[in-house]
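Below is one structure, written out as structure tokens; the observations come after it.
The values are calculated or read from the model by the stated rules, or taken from the named source; none is laboratory data. Note that the structure is a prediction, hence the values are computed from the model and not measured. FYI the Cβ positions are ideal-geometry reconstructions off the backbone, even for glycines, and counts take in every protein chain you see.
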């Protein structure tokens, strides 16, 4: 019988500095500098991203890496990839501020045979564990700006 490898567990340590500022250290990546987080004014000083922005960055990064992995695996030459993430906030029924949606637009720049692009476009979202986990509670819309010659842009929502 083959052993089943356990999925990794990542660790982040947050350390309070002052006001609403925290430094997030990624303990599984000792060479990585801490990330200063803060709340925007009037609560904080806006000296770093807030939790909602970091959530958006995490989802955008995961989707970007997943698309890049698929394109590379399909031997599509990628010259660049940019992502824009909009984190929507709204009020819950009790009036509390909540993340109510994420909208991500990915814009890859590719060279060569673009016919393999469509297959990756169908698959890549399903391999992003962050997006799939977030989707269980927050609507996430993903659109990909197709490079020239690959057809119309696509959009997925759930």
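Give the residues of the stretch 119-141 that are in contact (Cβ under 8 Å) with a residue 24 or more places away in the chain, more than 26 Å from residue 9 (Cα to Cα) and either loosely packed, with under 13 Cβ neighbours inside 10 Å or within 12 Å of the chain's Cα centre (by Cα) (or both), sorted by residue number.
141
Among the residues of the stretch 68-88, write down those that are in contact with a helix residue (DSSP H, G or I) (Cβ under 6 Å, 6 or more places away or on another chain) and within 21 Å of residue 129 (Cβ to Cβ).
70, 71, 74, 81, 83, 85, 87
Need the failing condition index for residue 49 against (1) surrounded by 15 or more Cβ atoms within 10 Å (Cβ to Cβ); (2) within 30 Å of residue 120 (Cβ to Cβ); (3) more than 18 Å from the chain's Cα centre (by Cα), just the number.
Just one mismatch for residue 49, condition (3).
So if I check each of 43, 35, 89, which one is over 22 Å from residue 148 (Cβ atoms), loosely packed, with under 15 Cβ neighbours inside 10 Å and assigned by TED's automatic domain parsing to the domain that holds residue 10?
After applying the criteria, what remains is 43.
Please enumerate the residues belonging to the stretch 1-23 that are in contact with a strand residue (DSSP E or B) (Cβ under 7 Å, 6 or more places away or on another chain) and farther than 19 Å from residue 43 by Cα.
If the condition is that a residue be in contact with a strand residue (DSSP E or B) (Cβ under 7 Å, 6 or more places away or on another chain) and farther than 19 Å from residue 43 by Cα, then 12, 13 are the ones that fit.
So which of 107, 58, 103, 65 is in contact with a helix residue (DSSP H, G or I) (Cβ under 8 Å, 6 or more places away or on another chain), within 26 Å of residue 127 (Cα to Cα) and either in contact (Cβ under 8 Å) with a residue 40 or more places away in the chain or surrounded by 15 or more Cβ atoms within 10 Å (Cβ to Cβ) (or both)?
58
Within the stretch 28-55, count every residue that is touching a strand residue (DSSP E or B) at 6+ places or on another chain (Cβ under 8 Å) and either more than 23 Å from residue 86 (Cβ to Cβ) or touching a residue at least 40 places away in the same chain (Cβ under 8 Å) (or both).
So the count comes out to 5.
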